[in-house]
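Okay, so here's the structure we're looking at.
Any read-out appearing in this document is the output of simple, stated calculations on the displayed coordinates, not a laboratory observation. These figures come from a predicted structure and were not determined experimentally. Note that we place each Cβ from the backbone using ideal geometry, even for glycine, and neighbour counts take in every protein chain shown.
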Amino acid sequence: MLLENKTAVIYGGGGSIGSAIAKGLAAEGARCVLVGRTPETLDAAAGKIRADGGQVETAVVDALDEAAVNDHADSVVTTAGSLDISVNVITQDAIFEPLLDIPVDDFAAAMDKVVRSQLNTTKAAARHMVRQQSGVILFFGGADYVSRKDRQNMGTVQVGMDTVEALRRQWASELGPHGVRLLTLLTGGIAEGFPDSPEFAEAKQAIIDQTLLGRAASMADVGHVAAFLASDHARSMTATQVNISCGAIGE
């Protein structure tokens, strides 16, 4: 197995993307800790991983609480001996409106949550990974730097992802000398993650229509790629985005 004897913490692990990543990591032998604020969703996700034979635990922690995030990371290392993989896929406050129409206070509050969540979780993992001189930190979403019409009215969403990607680039530069790798899974959208209802059918189809392969990445794809990136098979990869958009995003 690619990740045997590795410990992974997945913030937002109860959600569709987080649980998909955890499932992929667990399938390769990682001991996964799903972190979030809602016990019910965490337990449901953990139950599915256990049913497949994976090692998984849950923890109720608010990623906006720096002390709580640090305490939890410390407890993981005390119990497992290391913190090898950290993933934050916590959903931001999405305001799908033109920037001109978004009140400054609302926009600032949304960005504050994005930055605080990412800084808290990355710093908590980095403290231990620097000591270990090893580790992998995965980000999700990525930034498409080509200006396109389909970025109109994205409000806080794309700006938030661009902000997270800027943080990832800086972290990669600072943590690389300590053997810590940072990577982003760049996606044009995961259609499978949308609710299966008529009102979302158009949005799901739009994601598929933008691809070159005529299909969007699946949740399983996300988990498989995350497991590879977290493994030593990808040990030469850091400081970059890994494109899983099925060709929707290119040069």
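Residues considered: 120, 70. Of these, the only one that is over 18 Å from the mean Cα position of the chain (by Cα), closer than 22 Å to residue 42 by Cβ and not aliphatic (A, V, I, L, M) is 70.
Would you check if residue 84 is of a type in the set (Asp, Glu) and more than 26 Å from residue 224 (Cβ to Cβ)? So residue 84 does not fit the description; no. Take the residues in the range 227-237 that are of a type outside the set (Phe, Trp, Tyr) and in a helix (DSSP H, G or I), then tell me which one is farthest from residue 178 (Cα to Cα). Result: 227. Among the criteria (1) surrounded by fewer than 17 Cβ atoms within 10 Å (Cβ to Cβ); (2) assigned to a helix (DSSP H, G or I), the one residue 224 does not fulfil is (1). Residue count for the range 231-251, restricted to those that are on the phi > 0 side of the Ramachandran plot and under 17 Å from the mean Cα position of the chain (by Cα): 1. If only one of 127, 168, 116 is surrounded by fewer than 16 Cβ atoms within 10 Å (Cβ to Cβ), closer than 21 Å to residue 8 by Cα and touching a Leu at 6+ places or on another chain (Cβ under 8 Å), which one is it? Going through 127, 168, 116 in turn, just one is surrounded by fewer than 16 Cβ atoms within 10 Å (Cβ to Cβ), closer than 21 Å to residue 8 by Cα and touching a Leu at 6+ places or on another chain (Cβ under 8 Å): 116. Name the residues in the range 82-109 that are within 20 Å of residue 189 (Cβ to Cβ) and among the charged types (D, E, K, R), would you? Of everything in the range 82-109, those that are within 20 Å of residue 189 (Cβ to Cβ) and among the charged types (D, E, K, R) turn out to be 93, 97. The residues of the range 20-61 that are of a type in the set (D, E, K, R) and either out of contact with any strand residue (DSSP E or B) (no Cβ under 9 Å at 6 or more places or on another chain) or more than 19 Å from residue 115 (Cα to Cα) (or both), listed by number, are 23, 28, 31, 40, 43, 48, 50, 52, 57. Number of residues in the range 195-221 that are among the hydrophobic types (A, V, I, L, M, F, W, C) and crowded, with 16+ Cβ neighbours inside 10 Å: the value is 5. For the range 1-24, how many residues meet the condition of being within 18 Å of residue 81 (Cα to Cα) and of a type in the set (A, V, I, L, M)? The number of residues fulfilling the criteria is 4. Reported count of residues in the range 169-220, each being in contact with a Gly (Cβ under 9 Å, 6 or more places away or on another chain) and either in a helix (DSSP H, G or I) or charged (D, E, K, R) (or both), is 11.
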